[in-house]
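Asker: Take this structure, written in structure tokens, and hold onto it; I'll ask about it next.
None of the figures in this text is laboratory data; all of them are computed from the coordinates on show. Given the structure is predicted, the values throughout are model-derived calculations rather than measurements. With ideal geometry, Cβ positions are generated from the backbone for all residues, glycine too; neighbour counts draw on all protein chains shown.
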Amino acid sequence: MAPSSLNFITGNKNKLVEVQTILKDVIPLTSQSLDLVEIQGTIEEISKDKCERAAAIVGDWFTIFSEIFSLFLEICLRNAENGKR
């Protein structure tokens, strides 16, 4: 079953507003600020680690995503708008 909302893990209020704007017609968004260690690595490694750390605190793996993911999503959306892959 698909989640009824997503929990955006960020303390950045501007990123929250930006992602709420992008997802406003797609899915309700809540936010939670967690003090998480951010490892060094690829976008995929950082995103996976950050989400795993957040899920361990929040107790829910399936409805969270982190700020690093939103940056990746933003890049993908901009590339799509500009015809890039």
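Asker: At 7 Å along Cα-to-Cβ for each site, give me the label-to-label distance between V37 and V58 in nm.
Answerer: For the pair V37/V58, the computed spacing is 2.0 nm.
Asker: Rounded to the nearest whole Å³, what is the per residue volume of the convex hull around the Cα atoms of region 1-64? Numbers along the way, then the final one.
Answerer: On the way: hull volume 6.1 nm³, N = 64.
Expressed per residue, the convex hull around the Cα atoms of region 1-64 is 96 Å³.
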